[in-house]
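Okay, structure first, notes after.
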Amino acid sequence: EQYPVGSVRKFYDLDGTEILVKRGDDGFNAYSSTCPHLGCKVHWLDDKQQFFCPCHNGVFDSDGNPVSGPPADANQKMYPAPMSVDESSGVVYIEVKEPKGGRA
Ligand code: FES
(Lines give C-alpha, C1' and ligand atoms only; values in the text may rest on other atoms or scores of the structure.)
Protein backbone atom coordinates (compact mmCIF):
# COMPACT_ATOMS: atom_id res chain seq x y z
CA GLU A 1 0.00 0.00 0.00
CA GLN A 2 2.85 2.38 0.77
CA TYR A 3 4.65 1.51 -2.47
CA PRO A 4 1.97 1.34 -5.18
CA VAL A 5 2.48 -0.33 -8.55
CA GLY A 6 3.83 2.24 -11.01
CA SER A 7 5.60 4.33 -8.39
CA VAL A 8 9.32 5.08 -8.13
CA ARG A 9 11.27 5.94 -5.00
CA LYS A 10 14.80 7.15 -4.39
CA PHE A 11 17.31 5.31 -2.26
CA TYR A 12 21.02 5.94 -1.71
CA ASP A 13 23.93 3.53 -1.59
CA LEU A 14 26.72 3.85 0.97
CA ASP A 15 28.64 6.20 -1.36
CA GLY A 16 25.63 8.48 -1.75
CA THR A 17 24.77 7.30 -5.27
CA GLU A 18 21.08 7.78 -5.92
CA ILE A 19 19.13 4.65 -6.90
CA LEU A 20 15.66 4.77 -8.44
CA VAL A 21 13.51 1.77 -7.51
CA LYS A 22 10.34 1.17 -9.52
CA ARG A 23 7.53 -1.09 -8.44
CA GLY A 24 6.05 -2.64 -11.56
CA ASP A 25 3.42 -5.27 -12.18
CA ASP A 26 6.12 -7.96 -11.97
CA GLY A 27 7.99 -6.73 -8.90
CA PHE A 28 10.76 -4.25 -8.22
CA ASN A 29 13.45 -2.97 -10.59
CA ALA A 30 16.27 -0.63 -9.65
CA TYR A 31 18.29 1.79 -11.78
CA SER A 32 21.09 4.23 -11.17
CA SER A 33 19.88 7.83 -11.48
CA THR A 34 23.06 8.68 -13.42
CA CYS A 35 22.18 9.33 -17.04
CA PRO A 36 24.09 7.05 -19.43
CA HIS A 37 24.53 9.98 -21.84
CA LEU A 38 26.76 12.41 -19.94
CA GLY A 39 26.03 11.65 -16.31
CA CYS A 40 23.32 14.12 -15.25
CA LYS A 41 20.61 13.10 -12.76
CA VAL A 42 17.63 11.24 -14.19
CA HIS A 43 14.34 11.56 -12.33
CA TRP A 44 10.91 9.95 -12.52
CA LEU A 45 7.89 11.71 -14.05
CA ASP A 46 4.94 10.12 -12.31
CA ASP A 47 2.31 11.63 -14.60
CA LYS A 48 4.06 10.35 -17.74
CA GLN A 49 5.37 7.09 -16.22
CA GLN A 50 8.79 7.86 -17.72
CA PHE A 51 12.28 8.70 -16.55
CA PHE A 52 13.58 12.10 -17.66
CA CYS A 53 17.02 13.70 -17.83
CA PRO A 54 16.73 17.50 -17.99
CA CYS A 55 20.27 18.15 -19.26
CA HIS A 56 19.50 17.25 -22.89
CA ASN A 57 15.83 16.18 -22.64
CA GLY A 58 16.65 12.49 -22.50
CA VAL A 59 13.56 10.31 -22.01
CA PHE A 60 13.47 6.67 -20.90
CA ASP A 61 10.49 4.35 -20.56
CA SER A 62 9.56 2.80 -17.22
CA ASP A 63 11.96 -0.10 -17.93
CA GLY A 64 14.91 2.24 -18.48
CA ASN A 65 14.90 1.92 -22.28
CA PRO A 66 15.72 5.09 -24.24
CA VAL A 67 12.73 6.80 -25.87
CA SER A 68 14.04 10.13 -27.18
CA GLY A 69 16.91 12.59 -26.98
CA PRO A 70 20.62 11.74 -27.09
CA PRO A 71 20.24 8.46 -25.15
CA ALA A 72 17.81 7.19 -27.81
CA ASP A 73 20.13 8.32 -30.60
CA ALA A 74 22.96 6.32 -29.02
CA ASN A 75 20.71 3.45 -27.77
CA GLN A 76 21.85 4.06 -24.18
CA LYS A 77 19.67 2.37 -21.53
CA MET A 78 19.60 3.44 -17.91
CA TYR A 79 22.10 1.54 -15.74
CA PRO A 80 20.27 -1.41 -14.15
CA ALA A 81 20.96 -2.19 -10.51
CA PRO A 82 20.20 -5.88 -9.81
CA MET A 83 18.32 -6.48 -6.56
CA SER A 84 18.21 -9.49 -4.24
CA VAL A 85 16.70 -10.19 -0.84
CA ASP A 86 18.35 -12.13 1.98
CA GLU A 87 15.38 -14.25 3.06
CA SER A 88 16.67 -14.81 6.60
CA SER A 89 17.29 -11.16 7.47
CA GLY A 90 14.97 -9.40 5.03
CA VAL A 91 17.83 -7.16 3.93
CA VAL A 92 17.55 -5.94 0.33
CA TYR A 93 20.78 -5.72 -1.64
CA ILE A 94 21.07 -3.49 -4.71
CA GLU A 95 24.15 -3.82 -6.89
CA VAL A 96 25.20 -0.60 -8.61
CA LYS A 97 27.32 -1.39 -11.67
CA GLU A 98 27.84 2.04 -13.19
CA PRO A 99 31.42 3.21 -13.49
CA LYS A 100 32.27 5.81 -10.87
CA GLY A 101 31.74 9.24 -12.32
CA GLY A 102 29.27 7.90 -14.85
CA ARG A 103 29.79 7.01 -18.47
CA ALA A 104 31.36 9.70 -20.63
FE1 FES B 1 21.16 12.96 -19.79
FE2 FES B 1 22.41 14.21 -21.74
S3 FES B 1 23.13 13.83 -19.73
S4 FES B 1 20.42 13.41 -21.77
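The values are calculated or read from the model by the stated rules, or taken from the named source; none is laboratory data. As the structure is a computational prediction, the values presented were derived from the model and not from experiment. All Cβ positions, even for glycine, are placed from backbone atoms using ideal geometry, and neighbour counts span all protein chains on display. Note: areas computed on protein heavy atoms with side chains; ligands, DNA, RNA excluded. Shrake-Rupley method; radii C 1.70, N 1.55, O 1.52, S 1.80 Å.
Tabulated data
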quantity: Estimated [θ] at 222 nm from DSSP helical runs (n ≥ 4, -39500 (n - 2.57)) normalised by residues in the chain, nearest 500; calculated: -500 deg cm²/dmol
quantity: Qualifying aspartates and glutamates (Cα of each under 20 Å from Cα of K22; at least 8 residues distant if same chain); calculated: E1, D13, D46, D47, D61, D63, D86, E95, E98
quantity: F11 versus S89: modelled label distance in nm, points set 7 Å from Cα along the beta carbon direction; calculated: 1.3
quantity: Probe 1.4 Å - accessible area at V85, Å² to nearest ten; calculated: 80
quantity: Dimensionless Rg ratio for the chain, taking C-alpha atoms and the 2.2 N^0.38 Å reference; calculated: 1.05
quantity: Segment 1-29 and segment 65-83: distance between their alpha carbon centers, rounded to Å; calculated: 17
